[in-house]
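Asks: Got a structure for you, written out below as structure tokens; questions coming shortly.
Since every read-out is calculated from the coordinates, none of them should be taken as a lab result. What you see is a predicted model, and the numbers here were worked out from it, not measured in a lab. Glycine gets a Cβ as well: all are built from the backbone with ideal geometry, and neighbour counts include every protein chain shown.
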Amino acid sequence: MIRTAKRDDLDAIVTLHTEARATYYRGHLPEEEYAGEAEVARSREGWARAVDREDTTVLCAEADAGGALAGIAAHSVRDGVMNLTQFHVSPARWREGIGSALHLACVADWERRGLTTARLEVFEHNKGARAFYSACGWVPDPDEPRHGDHLVLRLALPRPPRS
């Protein structure tokens, strides 16, 4: 089930976010930069702001009836372009279709809003995420292909129906 996040979800969101980031930053950044106490606190503040903001959507994917979070996404519109600022699936739940369902929910929301373009940044070394986004139709942004150690991707909307 995909639903809108609530304040009560913050602990689970931050835990999932930290676990997911560790899978792709480990070996590339010092641990304190993605899982240190200060970084986890900064992450919690950012997610709390996102959940509270009216101009940001935070979605949670629950994988079972127990309500445990298996995926999270955050997006907002800037300058007429949808920005997918966060997208994480619990590493323990990879390859179960959760990411695909969460992505489809995001795209459906963007299309309902009448948007024509979405944008995201993905850590260059995160090969799994890069492959996932490519399979979902994301392509390198021709105007801004890089932002530091992240690749910038774009998705044209609306998406053609899958056959």
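Asks: For the chain, return all DSSP H helices satisfying: extent of Cα atoms along own axis at least 18 Å; mean Kyte-Doolittle hydropathy at least 0.0.
Replies: Details: long enough: 10-25 (22 Å, 0.14); 37-52 (23 Å, -0.88); 98-112 (21 Å, 0.49).
Sorted by number, the helices that extend far enough and score high enough are 10-25, 98-112.
Asks: I need the trypsin sites (Lys or Arg not before Pro) found in region 36-68, filtered to DSSP loop residues with at most 12 other beta carbons within 10 Å of theirs.
Replies: Working: sites: ARG42, ARG44, ARG49, ARG53; in loops: ARG53.
Of the trypsin sites (Lys or Arg not before Pro), the ones in loops of region 36-68 whose Cβ has at most 12 other Cβ atoms within 10 Å are ARG53.
Asks: Sticking with this one: Rank the residues SER43, SER134 as a footprinting-exposure proxy: fewest other Cβ atoms within 10 Å of their Cβ go first.
Replies: Ascending number of Cβ neighbours within 10 Å: SER134, SER43.
Asks: Now, a different point. Would you please name the trypsin sites (Lys or Arg not before Pro) within region 64-163 that are DSSP coil residues with at most 13 other C-beta atoms within 10 Å of their C-beta? The partial results should precede the final answer.
Replies: Details: sites: ARG78, ARG93, ARG95, ARG112, ARG113, ARG119, LYS127, ARG130, ARG146, ARG154, ARG162; in loops: ARG95, ARG113, ARG162.
In loop regions of region 64-163 (DSSP not H, G, I, E or B), the sparsely surrounded trypsin sites (Lys or Arg not before Pro) are ARG95, ARG113, ARG162.
Asks: Using a cut-off of 12 Å between beta-carbons, work out the net charge of the residues near ARG154 (Lys and Arg +1, Asp and Glu -1, ARG154 not included).
Replies: Values: positive: ARG119; negative: GLU121, ASP141, ASP143, GLU144.
For residues surrounding ARG154, the net value is -3.
Asks: What does a probe at HIS125 reach in region 28-68, counting residues whose amide N is under 14 Å from the point 7 Å along Cα→Cβ?
Replies: Only 28-35 pass the distance filter.
Asks: Give the distance, in whole Å, between the Cα centre of region 7-42 and the Cα centre of region 86-161.
Replies: So the separation of the two Cα centres works out to 20 Å.
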